[in-house]
Amino acid sequence: MSKRRLLIWLLFVSLTTLLGIFDALRSYAASYSPVTGRYYLEWNTSLAWNVTSWNLWILLAPLVLRLGQRFSFDGRNWRRRALALMAAGVFFALAHSALVVFINFFIIKRDDDLAGFLQFKYFVLMLDVLLGILVYGLILAFSQAINYYKQYRGEELRTSQLRTQLAQAQLQALKMQLHPHFIFNALHSISANLRDTESARSMIARLGDFLRLTLANAGAQEVTLKQELDFLRCYLDIEQARFRERLTVEMEIEPETWDARLPNLILQPIVENAIKHGIAPRRAPGRIEVRACRLNGHLQVQIQDNGRGLRNSQNGEASNATASETFTHGIGLATTRARLEHLYPAAHRLQLRNAPEGGLVVTLEVPFNVEADNHQSDKQS
């Protein structure tokens with residue numbers, strides 16, 4: 001046993017013993033009769049009974065704590081759990097009273113007759129049972145407080161990790177787009193359109209909007225689909241100016257999905273990957289399709305290109321190695337999956353597959369939610 005646990009155990013024993021002594025004093029004082037001028041309860045009897053009663057909770061408290069941790073109150077089935085914990089409280093109180101009687105009459109061996117005690121002093125046991133239910137409730141409340149504190153600390157750690165991942169994603173997105181090949185392509189496209197002053201100005205403006213929107217939601221874990229698509233359009237406008245007729249973009253967005261929330265900076269790396277690996281290597285016209293709909297309580301976003309698709313795949317599904325290779329820029333497949341797992345544990349889907357008509361289809365599904373999560377949308381100071 002560690003020193004810390006030993007200290008906690010000694011403090012708990014001291015506390016229950018003191019409570020037993022105070023309760024014994026109260027019981028002994030209450031037994032005084034002003035008429036006869038004597039006490040009807042012997043001090044030794046009162047002390048033995050109450051100290052035994054309180055110290056028994058040293059054995060029962062760990063069981064109650066484990067019960068509270070096992071059946072913590074959350075948003076699911078809380079009524080059923082509350083009833084189960086109440087029934088357990090009655091059981092613990094009865095078991096506690098039975099142990100007190102057993103210890104006093106069979107171990108300490110009081111002179112009183114057990115049958116007579118149970119017959120004429122049943123009120124003592126009733127008070128002991130009621131007190132046991134109260135103590136059980138206090139221990140259970142302490143257990144629930146520990147559970148909520150652990151959840152709170154876990155949420156803090158989770159939020160901190162998400163903020164760190166988001167900061168890395170933002171820096172990686174900037175690094176990806178400020179990479180020399182991107183700057184060269186953007187400036188080359190602008191210089192090629194200098195004769196068309198209006199077009200050149202438009203491209204410079206979109207480049208500025210692109211960089212500005214990259215940092216616009218610096219601390220937000222989630223943004224609306226509209227915000228994410230605004231960011232994506234800035235990027236696509238620049239790419240369309242570079243590829244001209246070789247790149248067309250189609251978007252099919254259901255109106256009810258505009259306010260749905262999804263991870264910040266989650267779509268642009270997927271689209272950039274489609275252009276770099278699916279469209280840029282080919283001379284044929286390229287097409288990017290972005291579709292968003294509400295499906296079975298989820299927001300589903302699909303990004304499809306008409307490029308080469310995935311190699312070495314079976315049944316249209318990408319192997320881990322192949323999928324990893326396709327995400328060579330941006331936050332990457334591993335980080336994307338990690339963010340989704342942290343934000344929506346067991347409630348998301350990220351799938352890569354070859355389209356029947358050729359090209360790659362990336363399907364992203366997250367729970368459909370239009371309200372900002374305070375923990376996820378707080379901005380970093």
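Quick look at the numbers
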| quantity | calculated |
| --- | --- |
| Counted residues, segment 163-204 - those being at pLDDT 65 or above, assigned to a helix (DSSP H, G or I) and assigned by TED's automatic domain parsing to the domain that holds Phe243 | 16 |
| The lone exception for Leu56 - which of (1) under 13 Å from Tyr136 (Cβ atoms); (2) out of contact with any helix residue (DSSP H, G or I) (no Cβ under 9 Å at 6 or more places or on another chain) it fails | (2) |
| Residue within segment 215-222 that is at pLDDT below 90 and within 16 Å of Leu364 (Cβ to Cβ) present | yes |
| Selected residue (criterion: nearest to Gly309 (Cα to Cα)) from residues of segment 231-275 that are at pLDDT below 90 and either acidic (Asp, Glu) or outside the structural domain of Ala347 (by TED's automatic domain parsing) (or both) | Glu272 |
| Filter result (surrounded by fewer than 18 Cβ atoms within 10 Å (Cβ to Cβ) and β-branched (Val, Ile, Thr)) within segment 199-214 | Ile204 |
| Matching entry among Ala61, Ala82, Ala98 (being of a type outside the set (S, T, N, Q), touching a helix residue (DSSP H, G or I) at 6+ places or on another chain (Cβ under 7 Å) and modelled with pLDDT of 70 or more) | Ala61 |
| Members of segment 340-357 that are crowded, with 16+ Cβ neighbours inside 10 Å and more than 23 Å from the chain's Cα centre (by Cα) | Leu352, Arg353, Asn354, Ala355 |
| First in segment 33-44 and without any contact (Cβ under 8 Å) to a residue 12 or more places away in the chain, second anywhere and surrounded by 10 or more Cβ atoms within 10 Å (Cβ to Cβ), Cβ under 8 Å, 6 or more apart | Ser33/Tyr39; Ser33/Tyr40; Arg38/Tyr32; Tyr39/Tyr28; Tyr39/Ser31; Tyr39/Tyr32; Tyr40/Ser31; Tyr40/Tyr32 |
| Pairs where the first residue, in segment 13-29, is assigned by TED's automatic domain parsing to the domain that holds Tyr136 and the second is small (Gly, Ala, Ser) and outside any helix (DSSP H, G or I), C-beta under 8 Å, 6+ apart | none |
| Counted residues, segment 267-290 - those being of a type outside the set (S, T, N, Q) and assigned to a helix (DSSP H, G or I) | 10 |
| Test: Val249 is free of Cβ contacts under 8 Å to residues at least 60 places away in the same chain, under 13 Å from Ile303 (Cα atoms) and assigned to a strand (DSSP E or B) | yes |
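Yes/no matrix, rows are residues, columns are (1) outside the structural domain of Leu232 (by TED's automatic domain parsing); (2) within 23 Å of Leu225 (Cα to Cα); (3) in a strand (DSSP E or B); (4) at pLDDT 90 or above:
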residue	(1), (2), (3), (4)
Ala323	no, no, no, no
Leu364	no, yes, yes, yes
Asn369	no, yes, no, yes
Ala372	no, yes, no, no
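The values are calculated or read from the model by the stated rules, or taken from the named source; none is laboratory data. In this text the structure is predicted, and so the values were computed from the model without any measurement. Cβ coordinates were reconstructed from backbone atoms using ideal geometry, including for glycine residues, and neighbour counts include every protein chain displayed.
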